[in-house]
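Some notes on the structure that comes next.
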Amino acid sequence: MVEIPASLRALLARSIDYAGMFPPCQLELEPSLKNQTQYLRTADAWMLSAFVLPVEQFGAAKQLLTEFDPLHPLQVSTHNVDLVSVSQLEMFLPPDVDSQLLSETRSVLGSLSTFWEAPPARAEQTISLVAELNSNADSPTFGYKLRTGGVTADAFPTSEQIAQALVTPVTHQVPIKFTAGLHHPLRMFRDEVQTKMHGFLNVLGAAVLAAEHKWDSRQTTLMLEDENADSFSFTDEFFAWREWKIDVKRLQDRRKFVTSFGSCSFDEPREDLRALGFL
């Protein structure tokens, strides 16, 4: 078996939130949970993070826990039972929410990590608001969630919009996660959406390198738009994009604020990584 470079492990460890119930897959609850149980028992389980479960499905999910065990628990955003652990909440942030209302919300949620989704046009405003709340807490329990695609071309933000959303959180030390449109490692044109989809290596890699090297949005955009696999290097000592490097320890530290991305497929990301020779 070929050893996985330490830097690839550091960049992708617990990076994929399995969202099989969401478009474009839109599986029912039972087959989605069955997939999760199988993924937890694969050699690639180190890349798997939480199971994205809609609130209205919590009750039904409790009836389908027999496939999980204490060594392979179901990690979702719900209450604690023996086979389920709370991971995080993801909610859309209405445009009229202010810091007082968010503060009251946190008093209800306690220390549970919560990622607030807002469109790219409101990224800077949302991140600043979240940062203000985090500054009054012992640890940053609030983060920003950026939607990076969808099932139609108009659902995909531009590289410039994503770049700005990556650069802004660095200043405020706000955790960020991503959802939708990141099934593939590298940016590429996809017929099914008739546009270029962003790559998860581009997005995660640009997030950590932008933070490490204090990139501006222009430099960050260049990495987001790179479609050449040869630009990306993974060794046991460092991860590099072109001439820009970050060592494994620093990468692990940066990943505390660059958390994960939601994908309705756990197979496509791994298959593509293998096809590229990275995995």
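Close amide-amide hydrogen proximity is noted between Thr195 and Arg190, each under 5 Å apart and 5 or more residues distant or on a separate chain (H modeled in the peptide plane; Pro and chain starts excluded). Per-residue 3J(HN,Hα) values for segment 194-199, derived from phi via the Karplus relation 6.51 cos²θ - 1.76 cosθ + 1.60 with θ = phi - 60°, read 6, 7, 7, 8, 6, x Hz in sequence order (x marks Gly and Pro). Computed per residue of the chain from DSSP H runs no shorter than four, each worth -39500 (n - 2.57), the mean residue ellipticity at 222 nm is -10000 deg cm²/dmol. Using R0 = 30 Å, the C-beta based FRET efficiency linking Ser135 and Phe92 works out to 0.85. As a calculated quantity, the FRET efficiency between Lys62 and Leu101 at R0 = 30 Å, using C-beta atoms, amounts to about 0.45. A straight Cα-to-Cα reach below 12 Å connects Lys62 with the aspartates and glutamates Glu30, Asp82, residues fewer than 8 places away in its own chain not being considered. Take every DSSP beta bridge whose two residues both sit in segment 170-279; close to 75 percent of them are antiparallel. May I ask which of Lys34/Lys196; Lys214/Lys249; Lys145/Lys245 have a Cα-Cα span longer than 22 Å here? In this structure, Lys34/Lys196; Lys145/Lys245 exceed 22 Å between Cα atoms. Positive-end ranking of Gly277, Tyr39, Cys264 along the dipole of the chain, with charges on Cβ about the Cα centre, is headed by Gly277.
Neighbours of Asp253, meaning other residues whose beta-carbon lies under 14 angstrom from its beta-carbon, give a summed charge of +3 when Lys and Arg score +1 and Asp and Glu score -1.
Laboratory data are not the source of any read-out in this text; all were calculated from the coordinates shown. Predicted, not measured: the structure shown is a model, and the values here were computed from it. Please note: Cβ atoms are built from the backbone with ideal geometry, for glycine as well, and neighbour counts cover all protein chains shown.
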